Structures are given as structure tokens and as C-alpha cells.
Amino acid sequence: MNALSGVISQGILIWGRGLRAMQVMEIFYATMTACEVAYYTYIYAKVDKNHYQTVTSHMRAAALTGRFTSATTSQIMLSLGILTIADLNHLTFVGMCCALLCALTLPSMDYSLYFHRKTVQHPIEQKVVAEHPQNKENCSEESSRLNQNHNSYTNTHSELENGGDSQCAKKILPDFPTSVQKDDTALAAAPTSKWKQVVQLLWMDFRDAYTNPYVFKMCVFISLATCGYNQMMTYVQILWVKIGGKQQEAFNGGVEAIYTIISAVSALAFGQVKGDWSRYGEAVIGLLSVLQGALLLLSSFTDSMVIAYTVYVVFGMLYNVMMVLTNSEVARHLNQDSYALIFGMNSFVALILQTILTFAVAGLGGLTIPIRHQFVVYGGYFAVLGGVYTIKSCFTMWSYYHLDHLLS
């Protein structure tokens, strides 16, 4: 659907005429953008959780390499007068058709996540059984014992989060709908129950993800950071015109190429960095966000295009590194069936926040402040975001230190 929507939207852009055609094109372009989440969730569904950080870096590097190729090709073709902008649109259409053909050759998923799910199982149970199959019999015995003392699912989940015996997570309540594997054909025997089951599964996956404190704080960061990044990317060229005038536009393609290739290499390199991100992840994303805020503040005051371009490249590189870390960590702690739901929700929240930020800062009904002052706001936005997560990281690391001290 992602590639097909891209082909249709690009075709309408080239051959469509009139306002109505452009409106239809925007619908298909929005569909293409919304379906991008499937790119990540498909890969996550095909690999082991231990490799999520690596494959996340590969996916982000692949997307950035595509942008690098596009920017470089466009800059060369336009500079040498080989192609016009209209010709580049046709080149983009050919690229989208090639992407569609590649997508058609990919192996399909075995079943639909919510309409034809083979088994219904709680994510905590899935994760622990997969990680500790040798303890399945012990966990069953533990389950029988704990079922005598009936606890709610929420209390069970809290116990696990607070250091309970993770090897005996089969103690999840037997009367909880998703704690026992079932055959979906039996659940869907009554036609009227299928949609109710879909809604129930969606709600359970949503609740399980966002009631996990670690997943929740990473998702909040992804949405807020993506909002700020998209806002900066939207208005940065207006700032460049303010700094360097119209003559700087000739170099924009080259700067985009430099940004994408450096970000791709950085994402790939960070994908190989192994660390205890549950302990130090907040500190990393917090400090990098503060650095991003400082860079945006610098760009708002500078009159040098070299500095402005450098800020753009470094800012984008830091963002992509942080997304490798946060997306892989979120995926690693999610039920496999809920990847698309949660990543889609993160993107949706980011777009809502960006809409609010745009209206407040640049919209006609908002402050409508000058572009340099806008970047002061964006710099402060990232500085506050980074400060909050840096302070939170201090408490997290202290908790780990205290726990290690008690166990030693």
C-alpha cells in the first residue's frame, strides 16, 4: 500500500490538472506517509529481538541513503542542465514503480495481526516463554500455585516490573482473556464477535504498551522529538534565505546530500554500539537533545551560512542516532503484534503536536513570530526536552546503583 500510494500520488502530480486532482493527490500522499510504519514493523516481525538495534540502524541508514542518492542526483542533473524539475518528477515516478515491484517480491506475513491472529497470548507471557523455554515446566507449576492466590493482571504486571521472578511469568491469570492461547477460529465462530475481538485486541495491545513505564517514556520522547525535528525541517530553508539570501539555494541539494550520508553512516555505526540502554538510554537522549537545542539557538543568531549548514547536518545526525536507540528499545519491549499500532500512534501524536506548535508559533492565529525567533523557540523546546530526560536519567541511574548495592 505504501509503494502503490506513492506511485498514484506521483502520477497525479505529473499528469493531474486542477485543484481537485491535487486534493486527490494529497490523499494518496497522506496514505503513503501513514503506511511508512509498515516498513519498520515488517522488519521487526522477521528478526529476533536481540538484533532490533542493528536492524533499526540498517533501516534508517537505507532511507537516508535513498535521500542521499536523490539529492545528489537532482543536484548534478540540475547543475549540469541535463534535466529540469519536471523531468525529475518523472524520475521519481520511475523510482516509485521500482519500489512497488520490490515490495511485491517480499514474502508475506503468515497471518493478519488482528483479524486472523493464530493465537491470542499476552505479550509478557510471549516474551518470557521465548526467552526462557527451558523453564516452561517450572513456570506451569508456579502458575498452578499462584492461581490459588488470585491476583489481578495489573498487580502481576507491576510485580514483574518491580523485580519479580521473570522466569515464572506464566502466573498470568487463567481467566484473563489473553493469558491463554486460543484458536481464533473458535473465537470468530460467531460473525458478530470478530469485530469485538479486533477492538479488544487493539485495546489490550495499546494498554499493555502504554502502561509499561519504560515503553511509555520512550514513546513520549519519540513523539516530542519527531515533532521538533519535523518543525525544524519545515522552516529551516526560510531561515537560510534570511541568513544568506536567495543565492544560497544553489547549495541546498549538496547540503542535503552531506546531511543524509553522514546521518546514514552515524546510524549504522550506532547500531553496532551495545549498551545497557534501560540504565543509560535516558542520559544519552537527554544530553543529545540539549545539544540539539544549543545548535538551534546558535543557528537563530548566526549570520554565517557555513554555521547554519553545519548546524543542520549535525542536528539531523543526532536525531537519527536517537531514533535508532529509542525505536529499537520500544520494539524490544513490545508484543510483536502491536508494533504497527504503537509506532503509528507515536507518529500520529507527533503530527498533532506539530500542528499545535505550528499554529502557536507560525500560524495566523498564533504568535506569528519572525523566523529567527521561531528557532529560538525550537531551541528552547529541545533544551527543555533534553533537560527533563537528563534529570530523569539521574534518578534512573541512582535506582540501578542502589539496587546493585543491595544485591552485592
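The values are calculated or read from the model by the stated rules, or taken from the named source; none is laboratory data. Since the model is a prediction, treat every value here as computed from it, not as a measurement. Ideal geometry is used to build each Cβ from the backbone, glycine not excepted, and the neighbour counts take in all protein chains shown. Only protein heavy atoms, including side chains, enter the accessible area calculation; ligands, DNA and RNA are left aside. Shrake-Rupley method; radii C 1.70, N 1.55, O 1.52, S 1.80 Å.
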**OP:** Assign one of three labels to the stretch 344-403, namely rounded, prolate or oblate, based on the Cα gyration tensor with a ≥ b ≥ c the square roots of its eigenvalues; rounded applies when a/c is under 1.5, prolate when it is not and a/b is larger than b/c, and oblate otherwise.
**Re:** oblate
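So what is the orientation-averaged projected area of the stretch 272-340, using the convex hull of its C-alpha atoms, in nm²? The partial results should precede the final answer.
Details: hull surface 23.6 nm².
Value for the stretch 272-340: 5.9 nm².
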Subject >> Using a Förster distance of 30 Å, the FRET efficiency for K49-V94 (Cβ separation, nearest 0.05) >> reply: 0.20
**OP:** Enter the Cα centre distance for the pair the stretch 281-302 and the stretch 332-364, rounded to the nearest angstrom.
**Re:** 21 Å
**OP:** Using only Cα atoms, locate the centre of the stretch 71-106 and the centre of the stretch 203-265, then give the distance between them in Å, rounded to an integer.
**Re:** 23 Å
Original post:
Counting Lys +1, Arg +1, Asp -1, Glu -1, what net charge surrounds R67 among other residues with beta carbon under 15 Å of its beta carbon?
Top reply: -1
Subject >> Accessible surface of I352 - all protein chains present, 1.4 Å probe, nearest 10 Å² >> reply: 70 Å²
Subject >> Along principal axes, Cα extents of the stretch 309-352, largest first, whole Å >> reply: 41, 24, 9
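Too long at a 30 Å Cα-Cα cut-off: which of K49/K217; K217/K242; K242/K274? Numbers along the way, then the final one.
Details: K49/K217 20 Å; K217/K242 37 Å; K242/K274 42 Å.
Cα-Cα > 30 Å for K217/K242; K242/K274; rest within.
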